[in-house]
Amino acid sequence: MKFSVRLVLFCLFYLVVGVAGYAQTNNFTLTGKLVLHTNEVFPYKLVLKETNGVVSGYSITYDDPNDTKTTVTGTLDRRTKKLTFKESGIVYSHMVHTTAYMCLLSAELGYGFKNGERVLTGDITSTEVDNTACTGGVLVFSKKEEIQHLFDYHDDFDTVISMKKKQVAPVAETEPEVIPTKKAIVEEQITEGIEKTFDWYSDSVVISVWDGGNIDGDRITLLYNKVPLLTNYYLVKEKKELHMHLTRNAEDTVTIIALNEGSDPPNTANLLFTDGQKQYSVLAYNTKGRRAVIKLRRVKR
């Protein structure tokens, strides 16, 4: 009798240790599209491996040869059918023409119905290293076989101690609409052809200008009502502060001219406009020779 009890305890111990130490790696590919707030649409692909709910791999944005590859890390929750990930580093990036300001992105994707179609989708957030916001958008994956493969259980046994094969419950076709994640608060972004006008209440303006991303040698010329305030100025991490009085004109104009694109295109300049106690944050981005314009519209009090 003692022998039988010991044998049972030994078997239970073996099963617990075996199940706890079991870790299977699964490979997945998701192909879909990235829809930006600039109304541009680009192909987007995730190539992932998953172990115990932790995912890693890479993403591909755009089409070859104008593609960008980044490393990816995140988590997969099959119970709630959610995939959360972020791009953590650039492997390579080829030139692509876009009016958007692109950075490494993060996303929380949910699975459900949208416009009568079962999709995996969610909003993206995208920031520079100093939390400067970049162009936002939405990721959408709609290939059923890829999504099904992602959320199917691939372990040979249940997570509880059992000698039975795992039974996969069928996916119900009555899941609720995907609830989108909160949108990131995106600062104003301007480029040639996209201007911004601010109502201005005080008699003066303070402009701070710097490079909030990679310090890659971007140079600009900054004009105030066509008069140069900065000429051939190298953007650095430290803020350059400029103080001006507003004119009697109905509008005053600030123009940022991109003189180059540094080693990490495009040319990007961060600006902070101060109107008394109120401030406006702006990101100006352009290719070489292009210009971005901000207008300060005087408000009578």
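Figures for the structure shown
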{"read-out": "Condition check for Gly262: of a type in the set (Gly, Ala, Ser), within 32 Å of the chain's Cα centre (by Cα) and either buried (at least 19 other Cβ atoms within 10 Å of the Cβ) or within 16 Å of Ser281 (Cβ to Cβ) (or both)", "value": "yes"}
{"read-out": "Given (1) surrounded by 12 or more Cβ atoms within 10 Å (Cβ to Cβ); (2) farther than 22 Å from Glu187 by Cα, number of the condition Ile257 does not satisfy", "value": "(2)"}
{"read-out": "Those residues of the range 247-267 which are in contact with an Asp or Glu (Cβ under 6 Å, 6 or more places away or on another chain) and not in a loop (DSSP other than H, G, I, E, B), in sequence order", "value": "Asn267"}
{"read-out": "When residues of the range 62-113 are limited to those that are within 27 Å of Asn270 (Cβ to Cβ) and among the small types (Gly, Ala, Ser), the one modelled with the lowest pLDDT", "value": "Ala100"}
{"read-out": "Number of the exception - Leu229 against (1) in a strand (DSSP E or B); (2) closer than 25 Å to Cys134 by Cβ", "value": "(2)"}
{"read-out": "Any hit, the range 189-197, residues being in a loop (DSSP other than H, G, I, E, B), at pLDDT below 90, surrounded by fewer than 16 Cβ atoms within 10 Å (Cβ to Cβ) and hydrophobic (A, V, I, L, M, F, W, C)", "value": "no"}
{"read-out": "Condition met for Asp203 (crowded, with 17+ Cβ neighbours inside 10 Å and not hydrophobic (A, V, I, L, M, F, W, C))", "value": "no"}
{"read-out": "Matching residues in the range 210-246 - criterion: being among the β-branched types (Val, Ile, Thr) and either touching an Asp or Glu at 6+ places or on another chain (Cβ under 9 Å) or surrounded by 14 or more Cβ atoms within 10 Å (Cβ to Cβ) (or both)", "value": "Ile215, Ile220, Thr221, Val236"}
{"read-out": "Residue within the range 219-232 that is modelled with pLDDT under 90 and either on the phi > 0 side of the Ramachandran plot or under 25 Å from the mean Cα position of the chain (by Cα) (or both) present", "value": "no"}
{"read-out": "Qualifying residues in the range 265-294 (those that are over 24 Å from Thr68 (Cα atoms) and out of contact with any strand residue (DSSP E or B) (no Cβ under 7 Å at 6 or more places or on another chain)) - the one surrounded by the fewest Cβ atoms within 10 Å (Cβ to Cβ)", "value": "Gln277"}
{"read-out": "Lone unmet requirement of (1) modelled with pLDDT of 85 or more; (2) surrounded by 14 or more Cβ atoms within 10 Å (Cβ to Cβ); (3) not β-branched (Val, Ile, Thr) for Asn27", "value": "(2)"}
{"read-out": "Any hit, the range 89-110, residues being in the same structural domain as Phe141 (by TED's automatic domain parsing), in contact with a helix residue (DSSP H, G or I) (Cβ under 7 Å, 6 or more places away or on another chain) and not acidic (Asp, Glu)", "value": "no"}
{"read-out": "Residue list for the range 236-252, restricted to those being within 16 Å of Leu283 (Cα to Cα) and of a type outside the set (Asp, Glu)", "value": "Val236, Lys237, Lys239, Lys240"}
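The values are calculated or read from the model by the stated rules, or taken from the named source; none is laboratory data. All values derive from a computational prediction rather than experimental measurement. With ideal geometry, Cβ positions are generated from the backbone for all residues, glycine too; neighbour counts draw on all protein chains shown.
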